[in-house]
Amino acid sequence: MAEVDPPRTLVGMSSIIWPDLPARQQPVWPDQDALDLVLADLRSQPPLVFAGECDTLTEQLGEAALGNAFVLTGGDCAETFAANTADSIRARLKTVLQMSIVLTYAASLPVVKMGRVAGQYFKPRSKPTEVRDGIELPSYLGDAVNDIAFDPQSRRPDPARMLRAYHASGAALNLIRAFTQGGYADLRQVHAWNQDFVRESTAGQLYDRLATDIDRALSFMQACGADPEEFKRVEFYAAHEALSLDYERALTRIDSRTGLPYDVSGHFLWVGERTRQLDGAHMHFASTIRNPIGMKVGPTASPEEILEAVEVLNPDRVPGRLSLIVRMGAGKVREALPAIVQKVEASGNPVVWVCDPMHGNTFEASSGHKTRSFDDVIGEVEGFFEVHRALGTIPGGIHIELTGDDVTECVGGSGGLAEDGLGERYETACDPRLNREQSLELAFLVADMLLKR
Ligand code: PEP
Ligand code: CO
């Protein structure tokens with residue numbers, strides 16, 4: 001986590017008046033009084049992150065916009081209360097730390113590390129209802145709204161779940177701060193992060209070799225009398241989609257030093273592919289808060305509409321303020337991305353180009369599981385790097401759905417998971433995630449691409 005600024009209190013949001021704009025993907029809360037009580041409670045809760053941390057992250061993302069750093073975001077598609085355990089959080093953190101070590105070491109670039117964590121509890125859905133065996137119920141909208149179990153009571157939106165999500169996020173962030181600041185993320189632990197099922201895999205063995213090199217370099221430095229503080233801690237930021245306007249607005253506060261609004265539910269917030277309408281409430285919300293923000297860019301986006309969005313979200317042209325998270329699909333990125341990059345770059349607005357190789361590559365396996373192929377994921381990242389190389393622009397980061405466990409949700413990778421193995425350990429509450437071995441393998445492949453960018 002970034003160093004905490006001296007007192008910058010975050011006061012209430014009374015001075016923010018939110019205009020009544022069209023908002024897609026909002027739950028229909030059945031009980032307005034219950035909702036109002038929850039929102040009042042949320043408004044009175046302490047911030048989960050500080051304004052100063054968000055500003056530091058913006059600066060670091062600004063370095064990524066210039067090519068002096070690389071962004072790695074990783075975590076669940078949908079966090080769940082059930083998986084908000086120490087083991088699960090530590091495993092996810094370990095995955096991102098291992099990946100970032102691979103990227104840093106191979107490419108000699110600082111890696112800005114973010115988790116889809118401590119707030120990724122709301123999901124946009126393609127259909128508002130789900131039908132099973134002739135029974136129609138509201139779709140699962142994330143643990144902060146309803147329960148994934150398919151029965152009327154579970155699927156009924158319950159605003160009290162937003163409070164639970166806030167507290168779960170606070171607990172997760174507390175643990176993450178302890179892990180990243182309290183010795184666990186010390187570079188001398190670089191071997192220890194590899195000590196379980198991944199160790200036996202090809203990527204795990206490659207990693208072990210790299211960790212041995214790092215250990216040697218550290219011992220050498222220590223023998224020379226150098227023991228830098230930077231090696232003992234890492235900064236790790238919390239990111240999630242700003243989807244629920246109820247939740248995000250209730251957690252938006254005015255920074256006492258600058259008088260500017262920050263969404264204190266997470267360091268980095270992004271607007272999803274389904275809610276980025278220029279005249280919609282989500283874009284207005286993102287343009288209002290001072291946190292670093294992102295916007296997803298899908299395969300049907302036009303260069304003109306993306307440039308307009310960029311000007312709305314980053315009118316002051318602050319490097320690091322805005323990341324464009326491209327998610328087009330392996331088969332489309334080479335076609336669809338160049339015109340968008342050219343248009344935005346020609347405007348001079350400094351965005352961070354981030355590749356999300358997950359959301360354009362989902363398909364249904366013969367077993368009926370929603371899955372992604374490791375080759376498509378790699379293929380999209382390759383296409384993304386190719387486009388930037390051809391245009392002389394900067395591929396600034398990747399955004400991955402992953403977990404720290406040995407799940408079987410995406411096919412392929414050197415572990416060779418086939419469609420008929422998907423059922424073995426398919427645990428995601430929403431989209432399929434890379435398991436730790438696949439994530440580490442991806443990091444080695446991206447490290448190669450970074451060296452050649
Ligand atoms: C997501 O990131 O989980 C998501 C829903 O992505 P997108 O908005 O790009 O579809
Ligand atoms: Co997803």
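When each pair of different Cα atoms in the stretch 158-263 is counted once in the 1/r mean, what is the Kirkwood radius in angstroms, to one decimal? Show your work: numbers first, answer last.
Numbers: mean 1/r = 0.0572 Å⁻¹.
The answer is 17.5 Å.
Suppose R0 equals 45 Å; then what is the FRET efficiency for Glu229 and Ser366 from their Cβ-Cβ distance, rounded to the nearest 0.05? Walk me through the numbers on the way to the answer.
Working: r = 53 Å, r/R0 = 1.17.
Once rounded, the FRET efficiency stands at 0.30.
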For this session: Only Cα pairs under 8 Å and at least 6 apart count here; give the relative contact order of the chain as a rounded whole percent.
Result: 21
Exercise. Net charge near Asp20, counting Lys/Arg +1 and Asp/Glu -1 over other residues with Cβ under 13 Å of its Cβ?
Worked result: 0
Problem set entry | Residue-averaged 222 nm ellipticity for the chain, from DSSP H runs of 4+ at -39500 (n - 2.57), nearest 500 | -12500 deg cm²/dmol
For this session: With no solvent and one equal point scatterer per Cα, compute the Debye intensity ratio I(q)/I(0) for the stretch 78-185 at 0.13, 0.21, 0.22, 0.24 Å⁻¹ and report its log10, rounded to two decimals.
Result: -0.61, -1.05, -1.11, -1.23
Seminar exercise, completed: Once Lys and Arg are counted +1 and Asp and Glu -1 for all other residues with Cβ under 15 Å from that of Asp316, the total becomes 0
For this session: Report, largest value first, the span of the C-alpha coordinates of the stretch 162-203 along each principal axis, in whole Å.
Result: 42, 22, 12
For this session: For each of Met449, Met328, count neighbouring Cβ atoms within 10 Å of the residue's Cβ, then give the residues from fewest to most.
Result: Met449, Met328
For this session: Can you find, among Gly280, Gly225, Leu307, the residue farthest towards the positive end of the dipole of the stretch 222-311? Put +1 on the C-beta of Lys and Arg, -1 on that of Asp and Glu.
Result: Gly225
Exercise. Short version: ³J(HN,Hα) in whole Hz for each residue of the stretch 201-208, in order, from phi by Karplus 6.51 cos²θ - 1.76 cosθ + 1.60 (θ = phi - 60°), x for Gly and Pro, what are they?
Worked result: 6, 4, 5, x, 6, 4, 4, 4
Seminar exercise, completed: For Gly397, the residues 5 or more places away or on another chain with a placed amide H closer than 5 Å to its own amide H are Val71, Cys355
Exercise. Kirkwood-based Rg over Rh for the chain (C-alpha set), two decimals?
Worked result: 0.95
Seminar exercise, completed: Neighbour-count ranking for Glu53, Glu441, Glu427, Glu63 (other C-beta within 10 angstrom, fewest to most) reads Glu427, Glu63, Glu53, Glu441
Seminar exercise, completed: Any lysines whose Cα falls less than 24 Å from that of Lys296, other than same-chain ones fewer than 8 residues away, would be Lys113, Lys123, Lys127, Lys332, Lys343, Lys370
Problem set entry | Under-5 Å amide H pairs with Glu130, H placed in peptide plane, nonlocal only | Leu137, Ser139
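FYI, it's all coordinate maths here, none of it is from the lab. Everything numeric in this text was worked out from a predicted model, so none of it was measured. Here the Cβ is made from the backbone with ideal geometry for all residues, glycine too, and neighbour counts use every protein chain on show.
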